[in-house]
Amino acid sequence: MEITLTTTAQTQLNLITEVNSNGTGFLLGQDIGRFRIIESILRVDFTETTIDDIYSRMVQKTGSKLLGVFFHNIKPFHNEWLWEDIILEIINNEPLFYKYDPEKGPVRVNISEET
């Protein structure tokens, strides 16, 4: 699997990394073959205690467009809702994409050039 960011998503990611704040949110897009195309990054605050409610609401609203979550300057946590999702961890303005496999733990995901 490879991740591709649209121009809009890349702009949103750049803005998030440039702002010195902590936050969480969701990655929205679509799967096309071996590619996961991230079309937008939506900032929504959630915690380990609120993820169950917020994630289920996101699934109801976005369906298969929901590809994963991001953590900006916050230590990622692992939850069953996030298994097989794309997780974007941004630490010191550096994005790291991975998928959480319950048996293997975090598995790095390649990022390709934007579309």
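For residues in the stretch 1-49 being closer than 16 Å to L96 by Cα and touching a helix residue (DSSP H, G or I) at 6+ places or on another chain (Cβ under 7 Å), which is most open to solvent (accessible area, probe 1.4 Å)?
I41
Quick one: which of L96, L66 is of a type outside the set (S, T, N, Q), out of contact with any Gly (no Cβ under 7 Å at 6 or more places or on another chain), within 23 Å of M1 (Cα to Cα) and surrounded by fewer than 17 Cβ atoms within 10 Å (Cβ to Cβ)? Write out each step before concluding.
Numbers: L66 fails: surrounded by fewer than 17 Cβ atoms within 10 Å (Cβ to Cβ).
Unique residue meeting the criteria: L96.
What's the number of the only condition in (1) open to solvent by 20 Å² or more (accessible area, probe 1.4 Å); (2) over 17 Å from F97 (Cβ atoms); (3) out of contact with any strand residue (DSSP E or B) (no Cβ under 6 Å at 6 or more places or on another chain) that N73 fails to meet?
Condition (2) is where N73 drops out.
State which residue is farthest from F26 (Cα to Cα) when the search covers only the stretch 76-93 and only residues that are open to solvent by 80 Å² or more (accessible area, probe 1.4 Å) and aromatic (F, W, Y).
Ranking the qualifying residues of the stretch 76-93, first place goes to W83.
The values are calculated or read from the model by the stated rules, or taken from the named source; none is laboratory data. These figures come from a predicted structure and were not determined experimentally. In this analysis, Cβ positions are derived from the backbone assuming ideal geometry, glycine residues included, and neighbour counts consider all displayed protein chains. Accessible surface is based on the protein model in full, side chains and every heavy atom, while ligands, DNA and RNA are left aside. Shrake-Rupley method; radii C 1.70, N 1.55, O 1.52, S 1.80 Å.
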